[in-house]
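The values are calculated or read from the model by the stated rules, or taken from the named source; none is laboratory data. This one's a predicted model, so the numbers in the text were calculated from it and none came from an experiment. No Cβ is skipped: glycine too gets one built from the backbone with ideal geometry, and neighbour counts run over all protein chains shown. All accessible areas refer to the heavy atoms of the entire protein, side chains included, with ligands and DNA or RNA removed. Shrake-Rupley method; radii C 1.70, N 1.55, O 1.52, S 1.80 Å.
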Amino acid sequence: MSGRKIEQTREALLRILSDMHSDDRFNLITFSSSVSTWKTAVVTGSTSHIENAKRHVKGIHARGGTNINDAVLEAVNMLDDAEKKEILPERSASIIILLTDGAPTSGVTDKNEIRKNVKNAIKQRYTLYCLGFGYDVDYDLLEAMALENGGVARRIYEDSDSDLQLQGFYNEIATPILSDIKFLYSENAVSSLTTNIFRHYYMGSEIVVAGHIEDNSLDVLAVQINARASQNDLVLNTTASVQGMAGILKNQTYIFGEYTERLWAYLTIQQLLEQIISASPLQKELLTQKALELSLKYNFVTSLTSMVVTKPTEGEDTQTMLADKPKDEGKKRRGYYQWIFQR
């Protein structure tokens, strides 16, 4: 990571450090062809630690090579060590944020091996978020690693205010409220559910679960929500009148027709596309076919479909334009930065 990119990263990290709470735990890892840590273990967000971290960030300079594999594994080892030494508060949520503008060029460079190593190390205990700078980053690798470890990948656009983009992303995940959230429905009451198990719920975010009601004569839909809070376990039982909700939705008009059914289709398509990323060849074919069928049925433009726009013009031949949803392409460059955060 060099030039304007690393300047923007430094600016963003300085902003983030200023927003940290005193009871947070964090550390910084820089990586190029090798990996180095700011501290040997995670530290509290005390005033002295924050000021020292800011001085460290200001002194970071670009180097060659990108050892993504060892950098992420070092982050996992650091969190494992903190757990063993009981440095982290009980019921805390630990996340790893990886920032890079390149592809793996040092250490382990085989993408499938990196994904396997990272997944085996994390073991669903921590959440990995991957942020890629610019258009030259290997975004496919970042997306696969993030999705396989409970997180998401984001592209940070170099030409715009990337420091604000990075800080905005951090603000979304800075305050986890619940962990291990599960939405449970009565047996045989619903089918074709979208994802109903979530690793974290963050302040200001939302959780949406959609599905089909199997029994058309059902009067009341019951749901139980289980989750882990900072102090105790949460169990919430609630019910909804099926006929009452149907009456409310009937009065809602939507340009494309049935809103809730399209919402279910949209969520299902997005989740199928995410599953395709890490699926086997046979599974990938089946998932792709299902996503394509839903995309065509509900008229969604996805990475599998296109939109044809016909524009009639007076006195001229009809113009037809084709719109495809763009797909991220990755190219090799260098990049380094990693952030470990725990709250």
Could you give the length gained by full extension between ALA246 and GLU90, i.e. 0.36 nm per residue of separation minus their alpha carbon distance, to one decimal place? 51.9 nm
Given N residues in the chain, what is Rg(Cα) / (2.2 N^0.38 Å)? 1.13
Angle between the Cα long axis of helix 3-19 and the longest principal axis of the chain, 0 to 90 degrees, nearest 10? 90
Count neighbours as other Cβ atoms within 10 Å of each site's Cβ, and list the GluC sites (Glu not before Pro) in segment 168-214 that are DSSP loop with at most 10 such neighbours. GLU187, GLU206
What's the extension gain from MET203 to ARG63 if we count 0.36 nm per residue and subtract their Cα-Cα distance? 46.8 nm
Between rounded, prolate and oblate, where does segment 51-114 land on the alpha carbon gyration tensor, with a ≥ b ≥ c its root eigenvalues, rounded for a/c under 1.5, else prolate if a/b exceeds b/c? oblate
Gap in Å between the Cα centre of segment 8-66 and the Cα centre of segment 83-123? 17
Over the chain, the sum of -39500 (n - 2.57) across DSSP H runs of at least four, divided by residue number and rounded to 500 deg cm²/dmol, gives at 222 nm -11500 deg cm²/dmol
Taking 20 °C and 1.002 mPa s as the conditions, I'd like the Stokes-Einstein D for segment 40-175 in µm²/s, using the Kirkwood hydrodynamic radius from alpha carbon pairs. 133
Percent accessible area from carbon and sulfur atoms, the chain, protein chains only, probe 1.4 Å: 49
Can you tell me the FRET efficiency between LEU14 and ASN226 if r is taken as the Cβ-Cβ distance and R0 is 45 Å, rounded to the nearest 0.05? 0.70
Compute the acute angle (0 to 90°) between the alpha-carbon long axis of helix 259-277 and the principal axis of greatest extent of the alpha-carbon atoms of the chain; round to the nearest 10°. 40
Roll a 1.4 Å probe over the protein chains and send me the accessible area per residue for the chain in Å². 54
What is the angle, in °, between the Cα long axis of helix 111-122 and the longest principal axis of the Cα atoms in the chain? Nearest 10 is fine, range 0 to 90. 80
What aspartates and glutamates does LYS119 reach when the alpha-carbon gap must be under 15 Å and sequence neighbours fewer than 8 apart in one chain are set aside? ASP70, GLU74, ASP80, ASP110, GLU143, GLU148
Using a cut-off of 12 Å between alpha-carbon atoms, which aspartates and glutamates can reach LYS58, once sequence neighbours fewer than 8 places away in the same chain are excluded? GLU7, GLU11
What ³J(HN,Hα) values, in whole Hz, does the Karplus curve 6.51 cos²θ - 1.76 cosθ + 1.60 give for segment 181-198 when θ = phi - 60°, with x put for Gly and Pro? 8, 10, 9, 10, 10, 4, 4, 6, 7, 9, 8, 6, 5, 6, 3, 10, 10, 10
Segment HIS212-TYR157, length gained on full extension (0.36 nm per residue, minus Cα span): 16.0 nm
Point-charge dipole on Cβ atoms (K/R +1, D/E -1) for segment 18-89, about Cα centre, debye to 20: 380
Keeping every protein chain in place, order GLU143, GLU261 by accessible area at 1.4 Å, biggest value first, i.e. largest first. GLU261, GLU143
